[in-house]
Amino acid sequence: MNTNETKKTEHYVRSYLESLPVPEAASVDEKVLADALRTMHTKRQQAALPGALSWRMIMTSKTSKLAAVVMIAVALLFVFNSSRFGSSAWALEDAIKALRDYGAVYIVGAFPGGTAEIWMRADKARSQSTDIIVKGSQGAITWTKNGSTYHYEPGQNTVYYEGAMTVGFSQWLGPRLLEMLGSAENSEQIRGKDPATGRDRVLLLCSLIDANGAQAWNIEFDVASKLPITFKQWPNLDRHGPPGFEAYKVVYYENLPDSIFDAHIPDGVQYVEKPLMIPEEALGILSNPQDGVSAEGLTQQEAAEKVLEAMFQAVIEQDMEQLKKMCPLCRNWGDEFLRKVILKPDKEDRIVEILKIGQITKTGQTKLGPIAAIPITLLRQDGVTAEQQMIVQFRQIGSESSCVVHGPRGLPHKIE
């Protein structure tokens, strides 16, 4: 790390530590790892940064912004470099054991203008989240049901929805997540002690641009328990401004009852479908004419099928360079990360066959051109069939028509 990076890191940590008040009587339970919590900080009234919130065009209340922040924050929350965990006090095997029995999590946190409670539950395989409900302090509710995502705005008497699961953990808090820790680039680790409890902590810093846009995190791990206990997320790469979301309480459970995920919405609300959008900051990465495939003489459906088939065939054949060419955002993530998370050469859930590319289900528009969501059905090595919605960006660069894959629309779901 150079001098400027060191100073910047020291500034982040100093600011973080100075923000932590000492509770009067702090204690830490083995199962509830965050009893020594921060006092609720004053509500911040700053507006979200332009381009950071994908729902900001149709929802204006501060609580509604939380839903979009949660989409960004939890989808790729824990992405760091475990090679920096040199001490025997931090062993991935121990962390795997610590997380293995937890199939649900409860998070309390704050965002500019309010607070929120989040409940999440993993699927049966504990590979990703399958149920989530977010309750904001001003009455807004975000939840998932049957593979779709809903957001209730009480001030507008409206539920906004989309036909994809766009909130939740793409990698559940378990062994697969920890394997990811050793594969990502652009992370830093700092060790210290929690001033409230005296317990050893590890603070991890990470930033990247993915399908949800620019984002940065500070995540705090308890060294003794091996579990994440707090985190902050910013909708930018350099952590400027207040966090978009700060989780100051994380509680792990073996499971949670179905009733927790019931959203009780008043009668008479109107339902409005959310428009298909992608972050504006991704457009520059998607605009290289050398990437993607030609769409000359093809319909949007034909061009989308062509680029998606090329992308997933590259995944099947373990062709990393072709994958980056078809899906340019992959270039931000590093080869080892792509190998672990996308190609998965040694995993039973790696993709081995394209079964079906469906019809375009949703369209939208960016400054670069039209976009479309298309479902693709894939067969995994373990015999599981899964459907994943993908977003394709169409481009007219000079006299040439072409398209690239932007990335997934929401989490995949298994087809029984």
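The values are calculated or read from the model by the stated rules, or taken from the named source; none is laboratory data. Here the structure is a predicted model, which is why all the values come from computation and not from measurement. Cβ placement follows ideal geometry from the backbone for every residue including glycine, while neighbour counts extend to all protein chains displayed.
Quick check on segment 271-327: of everything there that is among the acidic types (Asp, Glu) and assigned to a loop (DSSP other than H, G, I, E, B), which residue is farthest from Gly407 (Cα to Cα)?
Here the residue is Glu296.
Looking at (1) among the hydrophobic types (A, V, I, L, M, F, W, C); (2) part of a strand (DSSP E or B); (3) closer than 30 Å to Met390 by Cβ, find the lone condition where Val250 falls short.
Among (1) among the hydrophobic types (A, V, I, L, M, F, W, C); (2) part of a strand (DSSP E or B); (3) closer than 30 Å to Met390 by Cβ, Val250 violates only (3).
Scan segment 287-315 for residues that are surrounded by fewer than 16 Cβ atoms within 10 Å (Cβ to Cβ) and among the β-branched types (Val, Ile, Thr) and report the count.
Total meeting the criteria: 1.
Name, by its number, the condition in (1) touching a residue at least 12 places away in the same chain (Cβ under 8 Å); (2) within 18 Å of Leu298 (Cβ to Cβ); (3) of a type outside the set (Phe, Trp, Tyr); (4) surrounded by fewer than 16 Cβ atoms within 10 Å (Cβ to Cβ) that does not hold for Leu355.
If we test Leu355 against (1) touching a residue at least 12 places away in the same chain (Cβ under 8 Å); (2) within 18 Å of Leu298 (Cβ to Cβ); (3) of a type outside the set (Phe, Trp, Tyr); (4) surrounded by fewer than 16 Cβ atoms within 10 Å (Cβ to Cβ), just (2) comes out false.
Restricting to segment 267-297, name every residue that is free of Cβ contacts under 8 Å to residues at least 40 places away in the same chain and not assigned by TED's automatic domain parsing to the domain that holds Met326.
Asp267
Conditions first: (1) over 21 Å from the mean Cα position of the chain (by Cα); (2) in contact (Cβ under 8 Å) with a residue 40 or more places away in the chain; (3) outside any helix (DSSP H, G or I). Glu348 passes all but one, so which condition is the exception?
If we test Glu348 against (1) over 21 Å from the mean Cα position of the chain (by Cα); (2) in contact (Cβ under 8 Å) with a residue 40 or more places away in the chain; (3) outside any helix (DSSP H, G or I), just (2) comes out false.
Checking Val293 against (1) within 25 Å of the chain's Cα centre (by Cα); (2) closer than 21 Å to Gln389 by Cβ: exactly one of these is not met. Which one?
(1)
Step by step: first the residues of segment 126-151, then only those that are among the charged types (D, E, K, R) and not in a loop (DSSP other than H, G, I, E, B), then the one that is surrounded by the fewest Cβ atoms within 10 Å (Cβ to Cβ). Which residue is that?
The extreme case among them is Lys145.
Kindly check whether there is at least one residue in segment 153-176 that is touching a His at 6+ places or on another chain (Cβ under 6 Å), assigned by TED's automatic domain parsing to the domain that holds Ser129 and modelled with pLDDT of 70 or more.
Within segment 153-176, one or more residues are touching a His at 6+ places or on another chain (Cβ under 6 Å), assigned by TED's automatic domain parsing to the domain that holds Ser129 and modelled with pLDDT of 70 or more.
Determine whether Phe312 is aromatic (Phe, Trp, Tyr), touching a residue at least 40 places away in the same chain (Cβ under 8 Å) and in contact with a Ser or Thr (Cβ under 9 Å, 6 or more places away or on another chain).
Against the criterion (aromatic (Phe, Trp, Tyr), touching a residue at least 40 places away in the same chain (Cβ under 8 Å) and in contact with a Ser or Thr (Cβ under 9 Å, 6 or more places away or on another chain)), Phe312 does not qualify.
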